[in-house]
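The values are calculated or read from the model by the stated rules, or taken from the named source; none is laboratory data. Bear in mind the structure is a predicted one, so any value in this text is a computation, not a measurement. Neighbour counts are summed over all protein chains in view; Cβ atoms, including those assigned to glycine, are modelled from backbone coordinates with ideal geometry. For accessibility, only protein heavy atoms count, side chains too; no ligands or nucleic acids. Shrake-Rupley method; radii C 1.70, N 1.55, O 1.52, S 1.80 Å.
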Amino acid sequence: MSHAPHGPRALDAEGLAALVDALVAAGYRVLGPAVKGGAIVYDEVASGKELPRGFTEDQDAGRYRLGRRDDEAFFGFAVGPTSWKRFLHPPDLLRFRASREGHGFAVEPADGAPTSLALLGVRPCDLAAIARQDRVLLGGPYADPAYAARRTEAFVVAVQCTEPGGTCFCASMGTGPRAESGFDLALTEGPASAFVVEVGSSRGAELLGRVPNRPAAADEVAAARAATDAARGKMGRTLETAGLKEALQAAAESPRWEAVAGRCLSCANCTLACPTCFCTTVEDTTDVTGGRAERWRRWDSCFSLDFSYIHGGSVRRTPSSRYRQWLTHKLASWHDQFGEPGCVGCGRCITWCPAGIDLTEEARAVARGPVPAKAARKE
Amino acid sequence: MTLAAGANDPILPRPYRVHRVQKETSDTFTLELRPEAGQASFPFAAGQFNMLYVLGVGEVPISISGDPGLPQSLVHTTRSVGAVTKGMGRLQRGDAIGVRGPFGTPWPIEAAAGNDVVFVAGGIGLAPLRPALYQVMARREAYGRVVLLYGARTPEDILFRRQLKEWRADFDLEVHVTVDRATRDWRGNVGVVTHLIPRVPFDPYHTVAMVCGPEVMMRYTVMELERRGVQLEDVHVSLERNMKCGVGFCGHCQMGPKFVCKDGPVFPFEKVRDLLNVREV
Ligand SMILES: Cc1cc2nc3c(=O)[nH]c(=O)nc-3n(C[C@H](O)[C@H](O)[C@H](O)COP(=O)(O)OP(=O)(O)OC[C@H]3O[C@@H](n4cnc5c(N)ncnc54)[C@H](O)[C@@H]3O)c2cc1C
Ligand code: SF4
Ligand code: SF4
Ligand code: FES
């Protein structure tokens, strides 16, 4: 078998299906787009034939509509309600079992060796989001073993963006619409589902070598590059990030927090949809005899009152302080903690907010400061 | 309790047994823990905490209150306030308990050498300070004046009474206790602990202060210390936030840009001053 060279290659629709099948054959649990509940989600893909085609979506603040395209594109949509953290940092995870033994008890780790994952269709913003979570969960003095077990071996097939969605602003956050690294393979979908493939690792090259592919023609490569370049100008949202961190951190007492809290339902949709939010809680349970116990780790949200509870009462009692925590963590304090923003501009929190609250708009308003009464009247 | 694989997993409790239970006050108790036979104990620094797991009930952060010079017995002093701490209070000698740690930043014991040391404690806040007291007492000659200002709710709530008396007698520890509510035979101070600060002798320009108690108490304490001329970089506080992991994964302990579990709990005051001034941060 010949190994694919590292220059750009090309793949057609059958080649893509063969790629999925090759991943399955290699023992990966392949996760990719699927249509469920009126949205594109990520789910298990058992074979290349299952990949949905011809879908698109319409996204705006508080709005998501699945639609049909007039072609058979595989990746004619941006991002949906699920993100890869569902698989790399699962929402509910059994961490250990403990059982009483005499006066003592035994603790047994529950998270064995999960099957290797292959992520198919990772958008550049989501690739950046995975890198954000890597830094949180693997980059500190301790590494989260559950995350490491899923993440370290994960095979990543990225898909470059040519048609950003209505709430996307990765170009502002510097995370897209093109990914330069962090993938094993990266696809750019061209007309008639001809893919230009960039090879990002030797195992990517090795896998590609197992499916029918050909060298990409120079004009195909140029067209793919031009399409991602053009995507820059088609973002549904923008956010000016220069000076934003400082402005937000200076605005702890901005009246805008109260105003947005008046609309916010504290439903936590934004934190659940957000691909970088990493917060979890634990739940300790026992059977009726109290002899067997389990520790579950579950996604949590800084929008809940309990999140900051200490004896005597929660630290963040008001919805405005919780919204402020969320937004300033994403766009300001994350910089202090990890040297980059915690937002990658995927737009999910905007689309999936039932109240249609737009983080870019709130950040702008808080950073701008209160509008003087006169100017406000003129607006 | 036996522990299977994954002993290096920072979220798996390690097996310990309750070796001794000491009732301190009506709602506060001290547990002395020993590792399960065959397991090694770990060194810790004054100011660090452990996550203590009561089977099936839950896990909470509790500071180590014992002597860092005697790490083979792990001592914690806990006030029963809710489900987990009450469950912990029901444990008896020989019972098992899970331990993860030690986590967090230490009190500046070495950096304080050559200076006067002022400890200010409120309520259960004396427990996280006790390891620092042990260390300063162990090298008493390396420090100048050593003062403990301690506020308790009532005379019955005073922790470590006998030990404080011994340190006062044998190690020249100056102890001033005040209570919120006096009982009939109490002849000491009544009122908040901050009122003691202007009255005690120490050299403000060569003083390191270590403060642990409720957040408001710490804010006022620092104001008083500053008024006396103590530099804010020489004032250290131990902060408390909800903690589910202790190692920077769960996000619960965040306070602005700080993770109290790994950047703290002990902070130089000037590093958190601005945050403490923000409401509900
Ligand atoms: C770094 C650190 C050191 C501490 N050291 C001590 C100590 O030495 N002695 C002592 O008595 N207490 C100490 N505490 C406080 C102790 O952790 C809480 O009293 C305990 O978590 C209460 O749990 P509970 O289930 O009994 O109470 P509940 O009120 O039923 O609490 C429910 C849950 O809320 C959270 N929670 C409640 N209160 C606190 C709190 N004050 N801090 C953090 N999380 C809380 C816990 O997750 C707890 O399981 C410390 C806290 C921190 C953060
Ligand atoms: S904050 Fe919103 S736009 Fe930013 S990464 Fe999270 S979900 Fe995406
Ligand atoms: S925004 Fe809230 S839920 Fe998300 S990571 Fe930050 S603290 Fe956690
Ligand atoms: S306690 Fe979990 S991040 Fe600090």
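Within the stretch B:234-256, the set of residues being of a type in the set (A, V, I, L, M, F, W, C), open to solvent by 10 Å² or more (accessible area, probe 1.4 Å) and facing chain A (nearest Cβ under 7 Å) comprises B:PHE249 only.
Could you tell me whether any residue of the stretch A:273-283 is part of a helix (DSSP H, G or I) and either more than 13 Å from chain B (Cβ to nearest Cβ) or away from ligand 1 (no atom under 16 Å from the Cβ) (or both)? Looking through the stretch A:273-283, at least one residue is part of a helix (DSSP H, G or I) and either more than 13 Å from chain B (Cβ to nearest Cβ) or away from ligand 1 (no atom under 16 Å from the Cβ) (or both). Just one of the listed residues (A:GLY121, A:GLY62, A:GLY67, A:GLY76) is touching a strand residue (DSSP E or B) at 6+ places or on another chain (Cβ under 9 Å) and on the phi > 0 side of the Ramachandran plot, and it is A:GLY121.
In the condition set (1) assigned to a loop (DSSP other than H, G, I, E, B); (2) within 17 Å of the chain's Cα centre (by Cα); (3) without any contact (Cβ under 8 Å) to a residue 60 or more places away in the chain; (4) closer than 16 Å to B:ARG17 by Cβ, B:GLN39 is compliant with all but (2). Regarding the stretch A:107-114, can at least one residue be identified that is surrounded by fewer than 21 Cβ atoms within 10 Å (Cβ to Cβ), touching a Ser or Thr at 6+ places or on another chain (Cβ under 9 Å) and modelled with pLDDT under 95? Yes, there is a match, as at least one residue in the stretch A:107-114 is surrounded by fewer than 21 Cβ atoms within 10 Å (Cβ to Cβ), touching a Ser or Thr at 6+ places or on another chain (Cβ under 9 Å) and modelled with pLDDT under 95. Inside the stretch A:299-321, residues that are at the interface with chain B (Cβ under 10 Å from one of its Cβ atoms) and either open to solvent by 20 Å² or more (accessible area, probe 1.4 Å) or away from ligand 2 (no atom under 16 Å from the Cβ) (or both) make up a count of 15. Among the residues of the stretch A:94-125, write down those that are of a type in the set (Ser, Thr, Tyr) and within 14 Å of another protein chain (Cβ to nearest Cβ). Selection gives A:SER99 alone.
Residues in the stretch A:230-254 that are touching a Pro at 6+ places or on another chain (Cβ under 6 Å) and either within 12 Å of chain B (Cβ to nearest Cβ) or assigned to a loop (DSSP other than H, G, I, E, B) (or both): A:MET235 alone.
Being in contact (Cβ under 8 Å) with a residue 12 or more places away in the chain and either closer than 30 Å to A:VAL20 by Cα or in contact with an Asp or Glu (Cβ under 9 Å, 6 or more places away or on another chain) (or both) is a property that holds for A:ALA231.
When we screen B:LEU33, B:LEU55 for residues that are away from ligand 3 (no atom under 16 Å from the Cβ) and either within 22 Å of B:VAL177 (Cα to Cα) or modelled with pLDDT under 95 (or both), the only hit is B:LEU55. The residue pairs whose first member lies in the stretch A:175-192 and is within 15 Å of A:VAL156 (Cβ to Cβ) and modelled with pLDDT of 95 or more, whose second member is open to solvent by 10 Å² or more (accessible area, probe 1.4 Å) and of a type in the set (Phe, Trp, Tyr), and whose beta carbons are closer than 9 Å, counting only pairs six or more residues apart or on different chains, are A:LEU187/A:PHE74; A:LEU187/A:PHE75. For B:THR77, the conditions (1) within 12 Å of chain A (Cβ to nearest Cβ); (2) touching a strand residue (DSSP E or B) at 6+ places or on another chain (Cβ under 8 Å) all hold with the exception of (1).
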